[in-house]
């Protein structure tokens, strides 16, 4: 498992994008349609809380109305499904099952650490 980035879940994507680009001077790429930005050099990403909420199962907390999750720590793994099985066997309770986010080019799964910090495991599925 390799650390990839801290993803900040933001309420106003455009405002946050402007802040990180113009005020802090971070450079990177962004996709306004996906409401996602990645500043690779800093290993920080911005992602719309509303879009992130759609990733979770219906019975999961509503991220848009709950300030519990303000960031997401992202780890890249070789095989999301195998890591899911390995961690589940160790007692990790997941927020969702491994699934493809084809518009992101990723296979992902989510869980929290004992203090409630949101963690994403991802595997690139881009060709």
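The values are calculated or read from the model by the stated rules, or taken from the named source; none is laboratory data. Predicted model, so just to flag it, every value in this text is computed and none were measured. All Cβ positions, even for glycine, are placed from backbone atoms using ideal geometry, and neighbour counts span all protein chains on display.
General observations
- Those residues of segment 1-16 which are part of a strand (DSSP E or B) and more than 24 Å from residue 81 (Cα to Cα), in sequence order: 8, 9, 10
- Taking segment 17-127 and the strands (runs of 3 or more DSSP E) fully enclosed by it, the elements with 2 or more residues that are at pLDDT below 95 and either closer than 17 Å to residue 5 by Cβ or touching a helix residue (DSSP H, G or I) at 6+ places or on another chain (Cβ under 8 Å) (or both) are at 29-31, 36-39, 44-48, 71-76, 106-112, 118-124.
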